[in-house]
Amino acid sequence: MANSNLPRRIIKETQRLLSEPAPGISASPSEDNMRYFNVMILGPTQSPYEGKMKYISYCGLLRVFKLELFLPEEYPMAALSLSVLHLCFSLFMGQVRFLTKIYHPNIDKLGRICLDILKDKWSPAYRSGPIQALLSAPNPDDPLSENIAKHWKTNEAEAVETAKEWTLLYASGA
């Protein structure tokens, strides 16, 4: 991980990420670009995106969501676009999107994320897990996907079942 063009904070946080991985999260920098990370997360328990689906738990399959994270030149000081995320492992703030298709009112079909802390409330000192919170409690009142938000508002139980089905279909088994 020798890249003298990177800020010390990125190098330090990448080393920390690799030496102290958070439960349910895997992230690795690209060999070609140390600002680009391949990320895999398990959905939070008791959510439609739960890592271990109840009806497949007998075979022990875990459902993994793939994301990509890019740390821009402004990292860690600038608040960025809708795609800005301080990931649930509390280390990075950058541009992120879901690569795995997901049925969620705050994530659009391109995988971009809508969460206010990712827009204008960012601080480098922020140390919690907004992506896990977002998956645990979708907010149809601040949507990126209007159709999914409408479904969530009009028939939440059916929308949750659809989210579970998409998780089973699109999140890879590990």
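Being open to solvent by 40 Å² or more (accessible area, probe 1.4 Å), of a type outside the set (Ser, Thr, Tyr), under 23 Å from GLU50 (Cβ atoms) and at pLDDT below 80 narrows it down to one residue among ALA133, ALA79, ALA137; which is it?
ALA133
Could you please give the count of residues in segment 25-49 that are assigned to a loop (DSSP other than H, G, I, E, B), in contact (Cβ under 8 Å) with a residue 40 or more places away in the chain and not polar (S, T, N, Q)?
4
So that you can scan it fast, the table gives a plain yes or no per residue for (1) within 18 Å of GLY111 (Cβ to Cβ); (2) in contact with a strand residue (DSSP E or B) (Cβ under 8 Å, 6 or more places away or on another chain); (3) small (Gly, Ala, Ser):
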position: ILE131; (1), (2), (3): yes, yes, no
position: LEU135; (1), (2), (3): yes, yes, no
position: PRO138; (1), (2), (3): yes, no, no
position: PRO143; (1), (2), (3): yes, no, no
position: ILE148; (1), (2), (3): yes, no, no
position: ASN155; (1), (2), (3): no, no, no
position: GLU158; (1), (2), (3): no, no, no
position: GLU161; (1), (2), (3): no, no, no
position: THR167; (1), (2), (3): yes, yes, no
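The values are calculated or read from the model by the stated rules, or taken from the named source; none is laboratory data. As the structure is a prediction and not an experimental result, all values here were calculated from the model. Because the Cβ atoms are built from the backbone with ideal geometry, glycine has one as well, and the counts that use them run over all protein chains shown. Heads up: the accessible areas ignore ligands, DNA and RNA and are worked out on the full protein's heavy atoms, side chains in. Shrake-Rupley method; radii C 1.70, N 1.55, O 1.52, S 1.80 Å.
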